[in-house]
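K.L.:
The structure follows.
The values are calculated or read from the model by the stated rules, or taken from the named source; none is laboratory data. All figures in this text were calculated on a predicted structure; none of them were measured in a lab. Every residue, glycine among them, receives a Cβ derived from its backbone with ideal geometry; neighbour counts consider all protein chains shown. Note: areas computed on protein heavy atoms with side chains; ligands, DNA, RNA excluded. Shrake-Rupley method; radii C 1.70, N 1.55, O 1.52, S 1.80 Å.
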Amino acid sequence: MRMKNQLLTVVFCALALLVNIINVSSTSSELPKVYIVYLGEHVGDKTFQEIEDAHHSYLHSVKGSREEAKACVVYSYKNVINGFSALLTPDEAHKISKMDGVISVFHSDPKKTRPHTTRSWDFINLLEAKWDPTRSNTRDKLLTQADYGQNVVVGVIDTGVWPESESFNDVGMGPIPTTWNGFCQTGVGFDSSHCNRKLVGARYYLRAYEANFGPLDPTIDFRSARDSVGHGTHTSSTVGGRSVPNAAAIGGFGIGNATGGAPLVRLAMYKVCWNIPADLGGGNTCADADVIAAFDDAIADGVDIISVSLGSETPTPYVEDGTAIGALNAVKRDIVVVCSAGNSGPDPFTVTNIAPWIITVGASSIDRVFSSPVLLGNGVVAEVRPVKPLGQSITPFVKGTYPLVYAADVEIPVEMCFSFHRLCLPGTLSPALVAGKAVFCWKGDTVSALEVQRAGGVAAVLGNPKEGVGVSQTPYVIPASVVLSDQKLKIYNYIRSTATPTATLTPARTLIGGSSPTPFMAPFTSRGPNAIEPNLLKPDITAPGFNILAAWSEVASPFGVASDNRVAKYNIISGTSMSCPHVAGVAALIKAIHPDWSSAAIRSALMTTSIKLTKLTISP
């Protein structure tokens, strides 16, 4: 009977979700939305006014008046990419799609594209590693030949930048390359003084965002290229941040020399991602119409490399993908475009940014582990035969022993979908049963730790939310350690066999060489085959994307929640968003040495060049 009730609950949950989707779809299908009309490339020498007039003519044919046609325009892409975005009904968009010269018309889904969220460069032997002296020093040769990337400009399309970070100082840098045509756009908390010989340009794009969500709320984001999230600051400093000694995340984790792959490369930020108001779903989004506008400007500004750590959760046909369209126009001008593969793994057919002209990057590990063992046991048992599931953490805390409870045993007694039990989801734990205890959540993440804290728990033991050998770390606000999937059953059996179970959480310490084998593919990294064209292999390459230390926005929570007021200048996060700029940094060095090489040649060099690692020691 219990299993039957659970099955009925699951069916009810699914039906409720389906009814909600149908209701939303039926009430909003005919409302104007932002659509992108892609026309290919500009042909001939036309003025911007002539291009705008041509775009308006398409709209005039479905809108009825020139005034209405002009009023509905979101962007008119005039530099390199030929096309426009406008507020259209589905019927109007369909009519335009049938017109001569139109390649594609597609909805700029406001929530489709999102950000895919030190020691890493040491591990791939580009900066701080010391090789066996019998081998040639590849590191010095590449960096010296490339002049550390000084004459290359990398455009980063992301959430913005925190310009005051020491990673973006320009001390000792030479003049800006004469090929650079961009500028520093002023806005809230950002003016031309925030750009320098390192950060040579900064722009922002939010017309499509505001067409969907209304005027930007100044309490949740900056109306400028300034980063309120941290993601763009992290990726841009990974590409080309200056060398900063003694950089570390909160608690001193990862302390060392933080540096980008091309330390003297010039950076230009194109902010396209914005925070969504909480009452509209929250999170961060990057509208395709804004992304194409950023590509159009970046190409005209004179960038050499474009790094894009954004994407959808599912693959998109090339002619309906803003990133693919922008990248195609860039690659035609020998601009290398590097994109993240996505974080929807380990399921197959999940890799995104799969256009053949894009260098698509998966995420893999480095050889650093933040070990925080969880000691299970009580009294005599703990002293004589302790059971030690290996935990990992980057949360600063002091050693403590706590009563341990299993999440499924301390839930509020209400009916919920069966698969939601034991996960410490919001509102599921009983304060009366949790207060003063450590809670073991079968699978846990930021949401789980917050729920334990809300219910009065004092610590959390979290099962790794992804199957695999690696743990993606977060600095929680209560003592917490994450255990690998193969350790969860040991903890469960211990709790079930002990009257008064306890857990001792020990502060984390950094272990170099503590991960074996290394590298391994991150469990979250999106996998192939390519869902659009299975004969085209994607991702192209992998790079460090697991627990990467880099610069951070000082207004962004290192934990990722508004209630966390800690300030971090550097932070550790994971994702293919982090692996993408690693490859962009190396591509910048190759471009500096071989400025005449095409994007395809650089991709080939990256994919087909390797050396055997025999012995690696790390500087103290």
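K.L.:
Along the charge dipole of the chain, which of T542, T352, G64 sits closest to the positive end, that is, farthest toward it, with unit charges on the beta carbon of Lys, Arg, Asp and Glu (+1, +1, -1, -1)?
P.N.:
T542
K.L.:
Per DSSP H run of at least 4 residues, take -39500 (n - 2.57); add these up for the chain, divide by its residues and hand me the 222 nm value, nearest 500 deg cm²/dmol.
P.N.:
After summing the helix terms and dividing by residue count, I get -8000 deg cm²/dmol.
K.L.:
Separate question: Explain nothing, just the number: dipole magnitude of region 531-604 about its Cα centre with +1 on each Lys and Arg Cβ and -1 on each Asp and Glu Cβ, in debye rounded to the nearest 20.
P.N.:
Values: 5 positive and 5 negative charges, 22 e Å.
So the magnitude is around 100 debye.
K.L.:
Between P317, Q392, V265, whose Cα lies farthest towards the positive end of the dipole of region 250-403 when Lys and Arg beta carbons carry +1 and Asp and Glu beta carbons carry -1, centred on the Cα centre?
P.N.:
Comparing the listed Cα positions along the dipole, Q392 ranks first.
K.L.:
What ranking do 152-159, 598-605, 562-569, 550-557 get when scored by the average of other Cβ atoms within 10 Å per residue, highest first?
P.N.:
Highest to lowest by the protection proxy: 152-159, 550-557, 598-605, 562-569.
K.L.:
First check a/c for the chain, with a ≥ b ≥ c the square roots of the eigenvalues of its C-alpha gyration tensor; if it is under 1.5, answer rounded, and if not, answer prolate when a/b is larger than b/c or oblate otherwise.
P.N.:
oblate
K.L.:
State, to one decimal in nm, how far the label point of I495 lies from the label point of V188, with both points 7 Å from Cα in the Cβ direction.
P.N.:
4.3 nm
K.L.:
What distance in nm lies between label points placed 7 Å from Cα along the C-beta direction at T314 and A435?
P.N.:
According to this spin-label approximation, the distance is 4.6 nm.
K.L.:
A further question follows. Nearest-5 percent of antiparallel DSSP beta bridges in the chain?
P.N.:
Here the antiparallel bridges make up roughly 55 percent for the chain.
K.L.:
Quick one: accessible area per residue over the chain, 1.4 Å probe, rounded to a whole number of Å²?
P.N.:
Solvent-accessible surface per residue comes out at 41 Å².
K.L.:
In percent, what relative contact order does region 229-319 have, based on Cα pairs under 8 Å that are 6 or more apart in sequence?
P.N.:
After rounding, I find 19 percent.
K.L.:
Then there's this: At 7 Å along the Cα-to-beta-carbon direction for both S610 and D596, put a label point, then send me their distance in nm to one decimal.
P.N.:
3.1 nm
K.L.:
Quick check for me: using +1 on Lys/Arg Cβ and -1 on Asp/Glu Cβ, what's the dipole size of the chain about its Cα centre, in debye to the nearest 20?
P.N.:
The calculated dipole for the chain is roughly 2060 debye.
K.L.:
If you place +1 on the Cβ of every Lys and Arg and -1 on the Cβ of every Asp and Glu, how big does the dipole about the Cα centre of region 201-316 come out, in debye to the nearest 20?
P.N.:
With Lys and Arg at +1 and Asp and Glu at -1, about 460 debye.
K.L.:
Something else: How much FRET efficiency would the formula 1/(1 + (r/R0)^6) give for H94 and S243, where r is the Cβ-Cβ distance and R0 is 60 Å, rounded to 0.05?
P.N.:
Plugging the Cβ-Cβ distance into 1/(1 + (r/R0)^6) gives 0.65.
K.L.:
Do any GluC sites (Glu not before Pro) in region 27-72 lie in a DSSP loop with no more than 10 other beta carbon atoms within 10 Å, and if so, which?
P.N.:
Within region 27-72, the qualifying GluC sites (Glu not before Pro) (loop, at most 10 other Cβ atoms within 10 Å) are E30.
K.L.:
State the extension gain, in nm to one decimal, for the chain segment bounded by R66 and D45, taking 0.36 nm per residue of separation less the distance between their alpha-carbons.
P.N.:
Length gained between R66 and D45: 5.1 nm.
K.L.:
Within the accessible area of the chain, what % is carbon and sulfur when the probe is 1.4 Å and the other protein chains stay in place? All intermediate terms of the calculation are to be shown ahead of the outcome.
P.N.:
Details: 14750 of 25730 Å².
It is 57 percent, rounded to a whole number.
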